[in-house]
Amino acid sequence: CFIGEVSLNGDVRAINGVLPMVLKARENGIKSVFVPADNAFEASVVDGIEIYGVTSGTQLIDHLCGDAMIEQTPLYTPSEAEYNEILDFSDVKGQQTAKKALEIAAAGGHNALLIGSPGSGKSMLAKRMPSILPQLTFEVSLETTNIHSISGLLNRNTPLITKRPFRSPHHTISSAGLAGGGTIPHPGEISLAHNGLLFLDELAEFDRRTLEIMRQPLEDRQVTISRSAGTITYPCSIMLIGAMNPCQCGYYGHPKRKCTCDKRQVKNYLSKISGPLLDRFDLHIEVAPVEFDDISSEKKEETSLEIRKRVQAARAIQ
């Protein structure tokens, strides 16, 4: 099987989506695949098939004629995922209730909504969630890498995604950007977060119609995009974490700062999220402002590694 893009001068250029193509080739009983040299490392993730990286048409002709053989790319063996560089829960002072709730969410794969005033640590907590999620199995890693390969988002140095994806789109994102789309349908943010976490900060600021698109994919764990070119279904088994203020000024219910919104404004702000979408958040977590005593405390907070052990144990029982 030959995969690649040939330029006018005979060079073989890299393309997106090599991994799913090689997996399909193996499924169809093909024994060897010739891919662009820049994609060879990505293709080497697949076991049981010979991978050859080609730089030009001339090199391929020499190989097939037996004049100069192309060396086979060795099988890639992933190292265990390192979590050292990921933000750690030990950085968060106080917020024991919110931490416990997020641990429960991670253990059960639940969607969670964080509601609290500005500066209470909602985003800080959410961004540390990947560090407590269970490690990916090889099969799930392949499944996740497939989507990133199609989107052209794979890192050249790490052909296999071994950490759970964390996607955090801005609230100005379009429907196509979130769910997927385009003339040739490509995966959106909910599919790029497959087997990982999608974090929507400032949830009430997202366009309501854009958010409503997520209702069915959250239920079905897949999203179908229909265009004139055809219909494509992408998986989107995700954990959804949302964060929002309780009102427009952000201080409704704050113990020390006075809210400047009237009751109607508070109601209108909270009603930006529809009931059916709110129902898809299994946990609604109130994130209270952090007390000065907690911030100034010298007490060491629990690390993500300790929390992840408990999450992994809970998943193993399930």
Which distance in Å, rounded to a whole number, links the C-alpha centroids of the stretch 1-42 and the stretch 194-265? 38
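Taking a ≥ b ≥ c as the square roots of the Cα gyration tensor eigenvalues, with a/c under 1.5 meaning rounded and otherwise prolate when a/b beats b/c, else oblate, which class fits the stretch 62-216?
oblate
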Search the structure for amide H atoms under 5 Å from the amide H of R13, placed 1.01 Å from N in the peptide plane, and list their residues when 5 or more places away or on another chain. E5, V6, S7
As a percent rounded to 5, the proportion of antiparallel DSSP bridges among beta bridges in the chain is 40
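Dividing the convex hull volume of the alpha carbon atoms of the stretch 179-318 by its residue count, what do you get in Å³ per residue? It would help to have the intermediate numbers written out before the result.
Values: hull volume 22.2 nm³, N = 140.
Each residue corresponds to 158 Å³ of Cα convex hull volume.
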Let me spell out the model: positive unit charges on the Cβ of Lys and Arg, negative unit charges on the Cβ of Asp and Glu, origin at the Cα centre of the stretch 1-154. What dipole size does that give, in debye rounded to 20? 920
Per residue convex hull volume, Cα atoms of the stretch 275-318, in Å³: 110
Roughly how many Å² is the accessible area per residue of the stretch 117-253, as a whole number, for a 1.4 Å probe? 42
What residue among V22, V35, V266 has the largest mean-square fluctuation in a Gaussian network model of the chain, using Cα springs under 10 Å? V266
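Ignoring GluC sites (Glu not before Pro) that are buried or in helix or strand per DSSP, and keeping those with at most 11 other beta carbon atoms within 10 Å, what is the longest stretch of the chain between them? Could you put the intermediate results ahead of the total?
Values: sites that count: E71, E80, E82, E85, E298.
Here the longest segment lacking exposed loop sites spans 86-297.
For a quick check of your reading of the filter: which trypsin sites (Lys or Arg not before Pro) in the stretch 154-216 sit in a DSSP loop and have no more than 13 other Cβ atoms within 10 Å? If you can, show how the numbers build up before the last one.
Working: sites: R156, K163, R167, R208, R209, R215; in loops: R156, K163.
In loop regions of the stretch 154-216 (DSSP not H, G, I, E or B), the sparsely surrounded trypsin sites (Lys or Arg not before Pro) are R156.
Average the reciprocal distances over every distinct pair of alpha-carbons in the stretch 148-225, invert the result, and give the Kirkwood radius in Å.
On the way: mean 1/r = 0.0753 Å⁻¹.
Result for the stretch 148-225 stands at 13.3 Å.
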When the C-alpha atoms of the chain are aligned to their principal axes, what extent does each axis show, in angstrom, from largest down? 80, 49, 37
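Counting only heavy atoms of the protein chains, get the accessible area per residue of the stretch 14-100 (1.4 Å probe) and round it to a whole Å² value. Can you show the working numbers first?
Numbers: 4700 Å² over 87 residues.
For the stretch 14-100, the solvent-accessible area averages 54 Å² per residue.
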Using a 1.4 Å probe on the protein heavy atoms, what percent of the accessible area of the stretch 179-318 belongs to carbon and sulfur? 49
Putting +1 on Lys and Arg Cβ atoms and -1 on Asp and Glu Cβ atoms, find which of T55, L178, I30 reaches farthest to the positive end of the dipole of the chain. L178
Which links in K163/K309; K127/K272; K93/K309; K100/K263; K100/K163; K93/K267 stretch past 26 Å when you go from one Cα to the other? K100/K263; K93/K267
Please list, ordered by chain and number, the residues whose modelled amide H lies under 5 Å from the amide H of Q222; skip anything fewer than 5 residues away on the same chain. C236
Please list, in chain and number order, the residues 5+ apart from F166 or on another chain whose amide H is under 5 Å from its amide H, with Hs placed from the backbone. L197
Calculate the spin-label point distance for S296 paired with D38, positioning each point 7 Å from the Cα along the beta-carbon direction, and give it in nanometres. 5.6
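How far, in nm, would the chain grow between T58 and N9 when pulled straight, counting 0.36 nm per residue and subtracting the alpha carbon separation? Numbers along the way, then the final one.
Working: separation 49, 0.36 × 49 = 17.64 nm, distance 1.03 nm.
This chain segment gains 16.6 nm when fully extended.
Given charges of +1 on the Cβ of Lys and Arg and -1 on the Cβ of Asp and Glu, with all other atoms neutral, how large is the dipole of the stretch 1-91 about its Cα centre, in debye to the nearest 20? Working shown, then result.
Working: 4 positive and 15 negative charges, 123 e Å.
It works out to roughly 600 debye.
The values are calculated or read from the model by the stated rules, or taken from the named source; none is laboratory data. Quick caveat: nothing in here was measured; it's all calculated off a predicted structure. A quick note on method: Cβ atoms are made from the backbone with ideal geometry, for glycine too, and the neighbour counts reach across all protein chains shown. Accessible surface areas use protein heavy atoms only, side chains included; no ligands, DNA or RNA. Shrake-Rupley method; radii C 1.70, N 1.55, O 1.52, S 1.80 Å.
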